[in-house]
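The values are calculated or read from the model by the stated rules, or taken from the named source; none is laboratory data. These figures come from a predicted structure and were not determined experimentally. Cβ coordinates were reconstructed from backbone atoms using ideal geometry, including for glycine residues, and neighbour counts include every protein chain displayed. Note: accessible area is taken over every heavy atom of the protein model, side chains too, but ligands, DNA and RNA are not part of it. Shrake-Rupley method; radii C 1.70, N 1.55, O 1.52, S 1.80 Å.
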Amino acid sequence: MSAETPVQSAGNFTRLRLRFRAWRGSRPFWAGLLTLLGGVPIAYFPYATLKLGNMSIAMATTAGAGSLIIGVLLITLGLTMWFQAATRIFAGVAAILLALVSLVVSNIGGFLIGFLLALIGGALAVSWAPGRAKPEEPGEPDASDGPAGEGAAKDLPAGADATASEPHASYEAGDTGEADGPRAAERTGGYRVG
C-alpha cells in the first residue's frame, strides 16, 4: 500500500456520492423511498408471527392476499417513482389510493406505519416537479429572469430595427392633433390610424 491509495479511494467515494446526488435530484427520490417503505409493513404484518415467551401471536387475516398485493404494488410504485419520473403523478395518486384501501384491508394499514409512509410518499410524488435547467452560458442572462412591466423590452414588429431609436421631434404649439397629414404618421409611428 502506498500513501496515495486513501486519496484515490476518497476521490472515488466523492465521485460516487456526487453522481448519486445528481441522480437523486432529478427524480422524486424521497417520495419513492417513503412509498417503498410503506409497502413493507403492509405486506409483512398479515403474515408475521410474533412470539412473546411461549405465546405466539399470529396477525393473519382473511385478507392476507389483499395485503400482500397492496404491499407489492406500493413497492412497485416506489420503484416506478425512481426509475420512471415521468409517471410520478399517476404513481403518487395510485399510492395514495392504495394507502387508503390498506386501512380496511391490511390491519389498519400495517398498524398505521405503512399507511402514513405510503400516504406521505404519494403526496410528495404528486407535488414534486423537476427543477429548471440553468443557463448554459454564464455571461448570457436567461430570458425569463428579465424585467416585466413598464421597464421591460417589448417585442418589436417584423422588420423593425432592434437598436435604440431616436426620440420623436417635438410637436409645435399649433398642432391640432388631426389624424391626417405628415404629423399624424409621425405620432402613430408610421401607421395610419382611423
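Things worth noting here:
- Residue in the range 67-80 that is at pLDDT below 85, over 30 Å from R21 (Cα atoms), in contact with a Pro (Cβ under 6 Å, 6 or more places away or on another chain) and buried (at least 16 other Cβ atoms within 10 Å of the Cβ) present: no
- Filtered residue count, the range 81-122, keeping only those that are open to solvent by 20 Å² or more (accessible area, probe 1.4 Å) and in contact (Cβ under 8 Å) with a residue 60 or more places away in the chain: 9
- The helices (runs of 4 or more DSSP H) falling completely within the range 11-117 that include 1 or more residues that are under 18 Å from S127 (Cβ atoms) and not charged (D, E, K, R) map to 29-44, 64-83, 88-105.
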